Amino acid sequence: MKIVKIELYEVVLPMKKSFEVGFGVIKSKRELIIRLHTAEGLIGYGESPSLQEPTYTHETTESCKQTITKHLAPRIIGKTFETVNQFRYSYNDIVGNNIAKSGVEAAFWHLLAQRDNQSLKTLMGGTKSKVLVGESVGIMPSITEFMSTSEEYVTRGFARLKVKIKPGWDIEPLDSLRNRWPNIPISVDANASYNFKDHKKILKQLDSFDLEMIEQPFGADNFIDHARLQDMLSTPICLDESIESLNNAITAIEASSCRVINIKPPRVGGLSESIAIHNYAATKNIGVWCGGMLETGIGRAFNLALASLANFKYPADMSPSDIYYEDDLITPALRLEKDGTMLVPDKPGLGYTVNQQKVERYSIKYHVVT
Ligand code: OSB
Ligand code: MG
């Protein structure tokens, strides 16, 4: 397939509510939808679900735009690729910038699925027909608001709650949740907001809440303190921000820094790297799960197919469209089944229809490289 054009839409999908996590508040989402065109007339969609500020990883919406238009596009346009490995190799010399790479690579996977008339699930080697889905409860101004949001999510049937914590917002919300629901699956995500010296005592207390896992207590590059903490805890540590590549996953597992890995294709540079991490973790008996970055339905569709691989053992962060957004870019909308799962499409291609009118309606800037 010869790539002849890349279109970038900078979209702002109105958010219903803001989402506070350990590194700050996400109030709106301005990010990139990518369209890759082949000489034969196929169109592949991808998404780079960047944040506006470099608070989660170093990338931003601006940096993704720059990386794609200035550095990735010239390596891809006018070239012919038959496999995703050939495609990735064309920009192998570009370091980092994983969210930018991931959006472009996803669009190539979408092209492959259309060319081969296969589902993304089949193309990636997925085996499950449905995927367990959890929901995240952000940091809230009060326990009352926190409990009413939790109540809403438990009633909707999510397979687990992930509580966003930070120093000063940890024991109290967890006490309230456990008093209300002694047995539901709960995990916590600290988004790197603790440090070993000041917080080891409080983190040790988290063992008493029967949590599925504690996600990313410390900074991304801190494999050593994560290993020290894992040694003190019976609750598994899960790494998110620390894992930007297969090599990071090997380091974390070899150093015993975690017992679970959260895989997000945008953070690790794409679906291929995600599959490689999944496969490696399986050989080490480390379960993985698919995280999210508040993607639109386009990004979630790729994540859903990925999460159908066998070693995705824990519920995914895969909110149905209506949790964060008033509208979505795909039909049908992502839907939670009564048993807390989402069905993985078997249809060829993305498995959903992208509504191009909506992509254009919500886009505030447009870029094209030919
Ligand atoms: O730590 O998982 C995180 C969103 C942006 C950046 C980091 C994180 C998140 C989420 C989103 O938790 C969860 C979702 O996409 O449903
Ligand atoms: Mg996380």
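Computed from the coordinates by the stated procedures, all read-outs in this text should not be read as laboratory data. This one's a predicted model, so the numbers in the text were calculated from it and none came from an experiment. No Cβ is skipped: glycine too gets one built from the backbone with ideal geometry, and neighbour counts run over all protein chains shown.
When +1 charges are put on Lys and Arg Cβ atoms and -1 charges on Asp and Glu Cβ atoms, the dipole computed for segment 1-94 relative to its Cα centre reaches about 160 debye. If the segment from Lys5 to Arg178 were pulled out straight at 0.36 nm per residue, it would be longer than the present Cα-Cα gap by 57.0 nm. Compactness of segment 233-292 was expressed as the Cα radius of gyration divided by 2.2 N^0.38 Å, which yields 0.98. The residues Lys5, Lys16, when put in order of fewest to most other Cβ atoms within 10 Å, stand as Lys16, Lys5. If R₀ is 41 angstrom, what is the calculated FRET efficiency for the pair Ser129 and His71, using the beta carbon separation as r and rounding to 0.05? Efficiency, from the Cβ-Cβ distance: 0.60. Straight-line cross-link reach from Lys128 at under 13 Å between alpha-carbon atoms covers these aspartates and glutamates, not counting any fewer than eight positions away in the same chain: Asp346.
Across segment 208-273, C-alpha contacts under 8 Å between residues 6 or more apart give a mean separation that, scaled by the residue count, equals a relative contact order of 34 percent. Mean residue ellipticity at 222 nm, helices only, the chain: -9500 deg cm²/dmol; runs of at least 4 DSSP H residues each add -39,500 (n - 2.57), and the sum is divided by the number of residues. This model, with +1 at the C-beta of Lys and Arg and -1 at the C-beta of Asp and Glu, gives the chain a dipole about its Cα centre of some 580 debye.
The ranking of Glu53, Glu215 from fewest to most other beta carbons within 10 Å of each one's beta carbon is Glu53, Glu215.
With the gyration tensor restricted to C-alpha atoms of the chain, the semi-axes of the equivalent ellipsoid amount to 33, 22, 19 Å, longest first.
As a proxy for reagent exposure, ranking Tyr45, Tyr89, Tyr314 by other Cβ atoms within 10 Å from fewest up yields Tyr89, Tyr314, Tyr45. Residue by residue, segment 216-222 carries 3J(HN,Hα) couplings of 6, x, 10, x, 4, 8, 9 Hz when phi is fed to the Karplus relation 6.51 cos²θ - 1.76 cosθ + 1.60 (θ = phi - 60°); x denotes Gly or Pro. Please report how far the C-alpha centroid of segment 162-185 lies from that of segment 297-314, rounded to the nearest whole angstrom. Between the Cα centre of segment 162-185 and that of segment 297-314, the gap is 26 Å.
In terms of the Cα gyration tensor, with a ≥ b ≥ c the square roots of its eigenvalues, is segment 46-166 rounded because a/c is under 1.5, prolate because a/b exceeds b/c, or oblate? It comes out oblate by the Cα gyration axes. With the alpha-carbon atoms of segment 170-233 aligned to their principal axes, the span from lowest to highest coordinate is 35, 19, 18 Å, starting with the largest.
Over all Cα atoms in segment 31-77, the spread is summed up by Rg and Dmax: 12.2, 40 Å.
The alpha-carbon atoms of segment 313-370, seen along their principal axes, cover 43, 27, 21 angstrom, with the largest extent given first.
Put a plus charge on the Cβ of each Lys and Arg, a minus charge on the Cβ of each Asp and Glu, and nothing anywhere else: the dipole of segment 282-370 about its Cα centre is then about 260 debye. For the chain, the longest principal axis of the Cα atoms and the long axis of helix 223-232 meet at an angle of about 40 degrees. Short-range pairs are left out: with C-alpha atoms under 8 Å and at least six residues apart, the relative contact order of the chain is 23 percent. The base-10 log of I(q)/I(0) for segment 147-298, evaluated at q = 0.10 Å⁻¹, reads -0.35 [Debye formula, identical scatterers on Cα atoms, solvent excluded]. Reachable lysines from Lys166, Cα under 28 Å, same-chain residues fewer than 8 places away excluded? In chain and number order, the partners are Lys16, Lys17, Lys27, Lys29, Lys197, Lys200, Lys201, Lys204, Lys264, Lys313.
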